[in-house]
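One structure is given here, and the rest of the page talks about it.
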Amino acid sequence: MTLHLADTDLEIHKVVVGPMDNNVFVLRCRHTGDAVLLDAANEHERLLELAKGLGVRRVLETHGHWDHIQAVPELRDAGYSVGVTAEDAAMLPSYDEVLADDDVIEVGHLRVRTVHTPGHTPGSMCFVVEGKPILFSGDTLFPGGPGATSFEGGDFPTIIRSLEDRLFRTLAADTLVLPGHGDDTTIGAESPHLQEWVDRGW
């Protein structure tokens, strides 16, 4: 069973793949059957089976780090369009479309809004389901803090600004956060700890 959560309008399916235990999510409109897959991370045969079974039409990448993109070539070969930000596009072996901040992606009757949250990588992107308290945070926000900024292109002050300005100030406390690795959390559980993260420096 891959179903992670559902309501009358949507289903979110989750599988964990690869050596870095990446979360791969599929957001599906229950009214139309249309779906998107977030992060073609690894284990392409498993992801292709998932995508075919759930009506996936396109792939959205949260960022370009290697562990999030290993299955991109095989999904593109199978006919799925892959989208990524311009800032991270060169990190992918190939892609089809460039995602910009505040784009709206229609998934059946659902609307997914892009939120550019640089810091983990220059082009890190989160995805908000409009009208629903749901955020796909990639590696920008985890339970207990921001994503790592020690890799090339990472910057700690930048990710802190992204968290404060783009997520904590704009999203409701009950917003469910679905990260690129590990367990779910909420904006309300994490936002009070921002200054602690600044003080510790990671």
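The values are calculated or read from the model by the stated rules, or taken from the named source; none is laboratory data. Predicted model only: the values in this text are computed from it and were never measured. Note: ideal-geometry Cβ built from the backbone for every residue, glycine included; neighbour counts use all protein chains shown.
So how many residues does the stretch 14-41 have that are among the charged types (D, E, K, R) and over 14 Å from the mean Cα position of the chain (by Cα)? Adding up the residues that qualify gives 4.
For the stretch 159-170, the set of residues classified as under 24 Å from Gly64 (Cβ atoms) and crowded, with 17+ Cβ neighbours inside 10 Å consists of Ile159, Ile160, Ser162, Leu163, Arg166, Leu167, listed by residue number. Those strands (runs of 3 or more DSSP E) of the stretch 1-59 in which 1 or more residues are of a type in the set (Asp, Glu) and either crowded, with 19+ Cβ neighbours inside 10 Å or modelled with pLDDT of 95 or more (or both) occupy 10-17. Total residues in the stretch 86-109 satisfying the condition of being under 27 Å from Glu45 (Cβ atoms) and in contact (Cβ under 8 Å) with a residue 40 or more places away in the chain: the figure is 3. Select, from Gly145, Gly182, the only residue that is farther than 23 Å from Leu99 by Cα, of a type outside the set (S, T, N, Q), touching a residue at least 60 places away in the same chain (Cβ under 8 Å) and surrounded by fewer than 19 Cβ atoms within 10 Å (Cβ to Cβ). Just one listed residue meets the conditions, Gly182. Criterion first (β-branched (Val, Ile, Thr), touching an Asp or Glu at 6+ places or on another chain (Cβ under 8 Å) and surrounded by fewer than 24 Cβ atoms within 10 Å (Cβ to Cβ)) does Val115 satisfy it? Yes: the conditions hold for Val115.
Only one residue in Ala78, Ala100 is closer than 22 Å to Gly153 by Cβ and of a type in the set (Gly, Ala, Ser), so which one is that? Only one candidate qualifies: Ala100.
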